Structures are given as structure tokens and as C-alpha cells.
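Throughout, read-outs are computed from the coordinates displayed, never taken from laboratory work. Because the structure is predicted, anything quoted here is derived from the model rather than measured. Positions of Cβ are backbone-derived with ideal geometry, glycine not excepted, and every protein chain shown enters the neighbour counts.
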Amino acid sequence: MNIAQLKHKVKIDRKRKKVVGRGTGAGHGKTCTRGHKGQKARSGVSFSPLFEGGQTPLVRKIPKRGFSNFDFQYEIAIVNIDQLNRFNDGEQVDPTRLIERKLVRGRFDRIKILGRGALTKKKLTVTAHLFSKGAAKKITDAQGQAVTIKQILKKNQKNKATPPRKEK
């Protein structure tokens, strides 16, 4: 075996980089594959993907109508009644406990308790932002309490607690 017979186990792409502007004999001389004149032949050219060559772009032709709720929407994490059976009798169930037990995951703005399933645990005090009527009834039927979190900040809304005034 000699050096000429050595080969890589994995095939490597050995395509050469295009060399331009080195004379007509090199094949990519003179215009350097940019064509003749025009804006794209100049240096520093960049087009927006929406640019349509001077004609009125489609984005400007389409009428703008309606309303988008994107800025005002919020994520609601859902927990069902049967999932609350993981807690012991008489325990306090609040958003931090739900996160610890991994009943709610990811980013959310509010937690809602829904009424799927049966509650076998007694005297649970469940604190959440929202409750369905069925879920609240099942919790109270099991001698527990459904406590609603009153302070709900809207998306992009700052806490309205004002800082103390500086005395002059």
C-alpha cells in the first residue's frame, strides 16, 4: 500500500470554490458570472424578498381589514379534576404546587381547572385563575374550596403599584 491508494471511509465533498475575476482564460473572468451591467452586477446589492422589480408589490395591493387579537391573547394552562387526585387530603393546591408536580408545563398566563373525571381526595383548597362550573361544583361537593385568583395582569400590562414619590 502506498499514499496513492489511501481513501477516506466517509466520502468528503471536495468541490472547489468558484474563483472569479482572474482573467478570461479562467472561465469566470470579465463579468465574473454577474452578467452585463444592471443593478445586480454592481457591488453591495441587496434586495428584499418582497421586492418585485418596481411593480406595486402584492403586500400593498391586498386590502388591510379586520382585527388581530395577537397582542391581547393569553395562554391558558388546563388542569382537569382527575389530575388533582395526586395531592393528599386537605392539601393546598396553587399554581406553584401544580408546576412542582408537573401538571402544568411551559409558558402560560392563567390556569383553568376543568371538570373531567372524579375527585376522590377530600377537602382540597384549589387556587387558580379560572374554574369551569362543573369543576367548582365537584371541588365543593368533596368538601373543598375553589379559590379564584383575582389579580390578573393582561399581556404587556405592567403592575400598577406606583413607586414612592421622591421628596424635594
Original post:
In nm, to one decimal, how far is the Leu114 label point from the Arg65 one, both placed 7 Å along Cα→Cβ?
Top reply: 3.3 nm
Original post:
How fast does region 76-148 diffuse by Stokes-Einstein, in µm²/s, taking the Kirkwood radius from C-alpha pairs at 10 °C and 1.306 mPa s?
Top reply: 135 µm²/s
Original post:
Taking Cα centroids, how far is region 15-61 from region 79-118 in Å?
Top reply: 59 Å
**OP:** Can you tell me how much longer the chain between Ser48 and Thr125 gets when fully stretched, taken as 0.36 nm per residue apart minus their C-alpha distance, in nm with one decimal?
**Re:** 22.1 nm
Original post:
Near Arg116, within a Cβ-to-Cβ distance under 14 Å, what is the net charge of the other residues, with Lys and Arg +1 and Asp and Glu -1?
Top reply: +3
**OP:** Run through the DSSP bridge list for the chain and note the antiparallel percent, rounded to the nearest 5.
**Re:** 0 percent
**OP:** Please work out whether the chain counts as rounded, prolate or oblate from its C-alpha gyration tensor, where a ≥ b ≥ c are the square roots of the eigenvalues and a/c under 1.5 means rounded, while otherwise a/b larger than b/c means prolate and anything else oblate?
**Re:** prolate
Subject >> Nearest-20 debye value, region 76-148 charge dipole, Cβ charges on Lys, Arg, Asp, Glu >> reply: 180 debye
